[in-house]
Amino acid sequence: MERTPEAYTRGILAAALEPWLEGLSAVSAALAANTNLRERLDNPVLELPAKLALLEGILPDGATNELRNFLSILLSNHDLGQLDGIVNALEKVMSAEAGGPQQAVVTSAVALTEEEQAQVKARLADRFGSNLKFSFVVDSEILGGLIVQVGDKLIDDSVRGRLNALRQKIGV
């Protein structure tokens, strides 16, 4: 690691933002997995204290009061729908401030054209920031779609991944 004021500052930013990113990501994932809960939280008839009690049930262990307060603000402003965008923006900031480029490995069933690669690069830069180094890999066993790995984040939108998820759902 480079020992400059900027490098240390990036380290401080990363350390400060990481707990926020983890907490908000956990809540976002829990809401995505439970559409019934999301609908109840979006219900304008339900009072804020009841919504906060519901939200408390999906907070990660060790959630800070600051995280609770922030989510309370989102709920009271009817802005919980912006949570995914907030998580994406935090990921971008973290990626941009992390120092060196992050490795982005994009796996497809067939070789992507230069135009397709440019589209994938643009979408990933929008989500994770412009500090990415790309590798494109061909693996015919994924059958179709893409698998994207950026740092410790894995996005499996492959046909094989969808079939495996379906098999797990139906218990085969």
| What residue, among those in region 147-172 that are closer than 22 Å to S25 by Cα and touching a residue at least 24 places away in the same chain (Cβ under 8 Å), is nearest to the chain's Cα centre (by Cα)? | K153
| Could you say which residue among A50, A63, A122 is closer than 20 Å to I147 by Cα and either among the hydrophobic types (A, V, I, L, M, F, W, C) or in the same structural domain as Q149 (by TED's automatic domain parsing) (or both)? | A122
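Report yes if some residue within region 21-28 is closer than 28 Å to L154 by Cα, touching a residue at least 12 places away in the same chain (Cβ under 8 Å) and part of a loop (DSSP other than H, G, I, E, B); otherwise report no.
No; the residues of region 21-28 include none that is closer than 28 Å to L154 by Cα, touching a residue at least 12 places away in the same chain (Cβ under 8 Å) and part of a loop (DSSP other than H, G, I, E, B).
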| If V137 passes every condition in (1) within 30 Å of P5 (Cα to Cα); (2) assigned by TED's automatic domain parsing to the domain that holds V159; (3) of a type outside the set (D, E, K, R) but one, which one does it miss? | (1)
| request: Kindly indicate whether any position in region 75-85 is among the aliphatic types (A, V, I, L, M) and surrounded by fewer than 17 Cβ atoms within 10 Å (Cβ to Cβ). | output: no
| note | Taking first residues from region 74-85 that are not assigned by TED's automatic domain parsing to the domain that holds L54 and second residues anywhere that are outside any helix (DSSP H, G or I), the pairs with Cβ under 6 Å that are 6 or more apart or on different chains are none
| field | Residue in region 133-172 that is surrounded by the fewest Cβ atoms within 10 Å (Cβ to Cβ), counting only those that are among the small types (G, A, S) and farther than 18 Å from V105 by Cβ | value | G171
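Would you confirm whether any residue within region 32-43 is within 15 Å of I86 (Cβ to Cβ), out of contact with any strand residue (DSSP E or B) (no Cβ under 7 Å at 6 or more places or on another chain) and surrounded by 10 or more Cβ atoms within 10 Å (Cβ to Cβ)?
Taking region 32-43 as the starting set, the residues that turn out to be within 15 Å of I86 (Cβ to Cβ) are 32.
The next check asks that each one be out of contact with any strand residue (DSSP E or B) (no Cβ under 7 Å at 6 or more places or on another chain); those that pass are 32.
Of the ones still in play, those that are also surrounded by 10 or more Cβ atoms within 10 Å (Cβ to Cβ) are 32.
Looking through region 32-43, at least one residue is within 15 Å of I86 (Cβ to Cβ), out of contact with any strand residue (DSSP E or B) (no Cβ under 7 Å at 6 or more places or on another chain) and surrounded by 10 or more Cβ atoms within 10 Å (Cβ to Cβ).
The values are calculated or read from the model by the stated rules, or taken from the named source; none is laboratory data. Just so it is clear, the model here is predicted, and its values are computed rather than measured. Positions of Cβ are generated from backbone atoms using ideal geometry, with glycine treated the same way; all protein chains shown enter the neighbour counts.
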